[in-house]
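Below is one structure, written out as structure tokens, with a few remarks after it.
The values are calculated or read from the model by the stated rules, or taken from the named source; none is laboratory data. All of these numbers come straight from a predicted model, not from anything done at the bench. Here the Cβ positions follow ideal geometry from the backbone for every residue, glycine too, while neighbour counts run over all protein chains shown. Heads up: the accessible areas ignore ligands, DNA and RNA and are worked out on the full protein's heavy atoms, side chains in. Shrake-Rupley method; radii C 1.70, N 1.55, O 1.52, S 1.80 Å.
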Amino acid sequence: MKKSGYKADTLLTHLGRDPETFHGAVNTPVYHASTILADCLETYENPARREGKGAIFYGRFGTPTTFALEDTVAALEDGHGTVAVSSGLGAIACALLAFIEPGDHILVSDSAYLPTRKFCDGLLRRLGVETTYFDPGLGTDIARLLRPTTRLVFLESPGSLTFEMTDVPAVARVAREAGAWVLMDTTWAASLLCRPFALGVDVSIQAGTKYIVGHADAMLGLITANEAAEPKVRATARELGQCVGPDDLYLSLRGLRTLSVRLARHQETGLALARWLAGRPEVERVLHPGLPGDPGHQLWQRDFSGACGLFGIVLREPCTHAAIAAMVDGMALFGIGASWGGYESLMIASYPEKCSSATTWDSPGRTLRLHAGLEDPADLIADLEAGFDRFHKALKQAD
Ligand SMILES: Cc1ncc(COP(=O)(O)O)c(C=O)c1O
């Protein structure tokens, strides 16, 4: 199916499958394959056959299951092509490695996912790449941080844990004028909630582990790139031996089919919880750009078409670790766990003050990160209410 003219929901239903080729089966089959046999040495050794994207040469370079997923995501995001890799962090690492050279300087948003920072401060530093972290609120002022050696700017908006918005088109314009590539972790937008390439981004990186897989049962990274960036990303993924196992590819394709309806519900419940929490006396601030009072709300309205189910809250003082633990440990419906984007609700304590260097996280209260799952919102609110009762009891006991 050609993508032209169809809206995202139709693309999600029809792209990446071809029943005629697969005996009428609605879904693209799972190819368990490493060796792909050639009919003769001539074909095996023919480089044109190896390089063609649709040509299947060896399991690591992709099978029809891989291409079905990659092509669907590329079409959804309006990218030139998508490369599927083993995890979201694998996608971040691979995308960064695709562009850097020893001696380069890179600019990374101060609110990027913590393992992104660790990768920059670890492997990239060892490779001779210097990272400067920047305030995600800088906008065009990022110009003063650019150097002749600045190879790329890495964005994440909304930011991990703190959820502040970046003016992506402004930063991208300045970066591109200076000849730097623009990379963005778009996991929160899940391929549907923003148009990264229209915002000026060259490479959109997503932990497909979250909403695309959507059921907390597989790991996936996706790197979608424009025409200039895609060959570099694909070549680097190959050099790194990146690939995704066949069953995880299938689970990802299966998750994609319901992505839009799930996201709408995650958004609705996330906003319902966020509004309810904003009215609670224990809550100092809700960190959710979809709320009208949020400092990033206008940018979110301009650049995004919706929100996922992930957001944060800052608790008011007095607040102790024991009180937070009493609340979180006793939740009936919110699980305690890393990752997000599955059908289940999650709650963890988060520590933004430990994850920034260019900015200072100045909220005195502790922060929690919540993921609104697909449960009934009224049940989730009742669970939160009972959680706050335990929180108060624990505070009183400590007195
Ligand atoms: C914003 C963001 N990017 C990337 C990742 C990494 O994804 P993965 O766990 O698939 O490596 C995560 C994981 O939590 C994330 O929150």
Inset, instruction - Any residue in region 321-341 that's touching a residue at least 12 places away in the same chain (Cβ under 8 Å) and among the polar types (S, T, N, Q): show its pairings with residues that are within 14 Å of the ligand (Cβ to nearest atom) and open to solvent by less than 40 Å² (accessible area, probe 1.4 Å) at Cβ separation under 7 Å, as long as the two are six or more apart or on different chains. - result: 339/209; 339/210
Legend entry - Exclusive hit being farther than 26 Å from residue 183 by Cα, of a type outside the set (Phe, Trp, Tyr) and at pLDDT 95 or above, set 10, 82: 10
Legend entry - Criterion: open to solvent by 10 Å² or more (accessible area, probe 1.4 Å) and on the phi > 0 side of the Ramachandran plot - qualifying residue of 62, 24, 90: 24
Legend entry - Filter result (more than 12 Å from the ligand (Cβ to nearest atom) and buried (at least 20 other Cβ atoms within 10 Å of the Cβ)) within region 216-225: 224, 225
Inset, instruction - Please find, within region 369-386, the residue that is surrounded by the fewest Cβ atoms within 10 Å (Cβ to Cβ) out of those that are over 16 Å from residue 312 (Cα atoms) and in contact (Cβ under 8 Å) with a residue 24 or more places away in the chain. - result: 379
Legend entry - Selection count, region 325-368, where residues are of a type in the set (Val, Ile, Thr), surrounded by fewer than 16 Cβ atoms within 10 Å (Cβ to Cβ) and within 16 Å of the ligand (Cβ to nearest atom): 1
Inset, instruction - Report, by residue number, each residue of region 129-140 that is open to solvent by 40 Å² or more (accessible area, probe 1.4 Å) and over 24 Å from residue 293 (Cα atoms). - result: 130
Legend entry - Subset of region 237-261 that is assigned to a loop (DSSP other than H, G, I, E, B), in contact with a helix residue (DSSP H, G or I) (Cβ under 7 Å, 6 or more places away or on another chain) and not small (Gly, Ala, Ser) - its residue that is least open to solvent (accessible area, probe 1.4 Å): 244
Legend entry - Residue that is within 16 Å of residue 29 (Cβ to Cβ), of a type outside the set (Asp, Glu) and touching a residue at least 12 places away in the same chain (Cβ under 8 Å), where the choices are 244, 233: 244
Inset, instruction - Hey, could you check region 177-193 for residues that are buried (at least 24 other Cβ atoms within 10 Å of the Cβ) and of a type in the set (A, V, I, L, M, F, W, C) and say which is farthest from the ligand (Cβ to nearest atom)? - result: 180
Inset, instruction - Read through the list (1) modelled with pLDDT of 95 or more; (2) at negative phi, then give the number of the only condition that residue 241 fails. - result: (2)
Inset, instruction - Looking for whichever is at pLDDT 95 or above, surrounded by 22 or more Cβ atoms within 10 Å (Cβ to Cβ) and away from the ligand (no atom under 14 Å from the Cβ) here; the options are 153, 213, 203. Which one fits? - result: 153
Inset, instruction - Give the residue, chosen from 322, 272, 229, 264, that is open to solvent by 60 Å² or more (accessible area, probe 1.4 Å) and either within 16 Å of the ligand (Cβ to nearest atom) or of a type in the set (A, V, I, L, M, F, W, C) (or both). - result: 322
Inset, instruction - May I ask you to list the residues in region 71-80 that are away from the ligand (no atom under 15 Å from the Cβ) and buried (at least 20 other Cβ atoms within 10 Å of the Cβ)? - result: 72, 74, 75, 76, 77, 79
Inset, instruction - Pairs only if they're at least six apart or on different chains, beta carbon under 7 angstrom, first in region 134-160 and within 16 Å of residue 101 (Cβ to Cβ), second of a type in the set (Phe, Trp, Tyr); list them, first residue then second. - result: 151/99; 151/181; 152/99; 152/181
Legend entry - Matching option when the condition is within 16 Å of the ligand (Cβ to nearest atom) and more than 18 Å from the chain's Cα centre (by Cα), among 88, 62, 122: 122
Legend entry - Counted residues, region 94-119 - those being within 15 Å of the ligand (Cβ to nearest atom), open to solvent by less than 20 Å² (accessible area, probe 1.4 Å) and among the hydrophobic types (A, V, I, L, M, F, W, C): 5
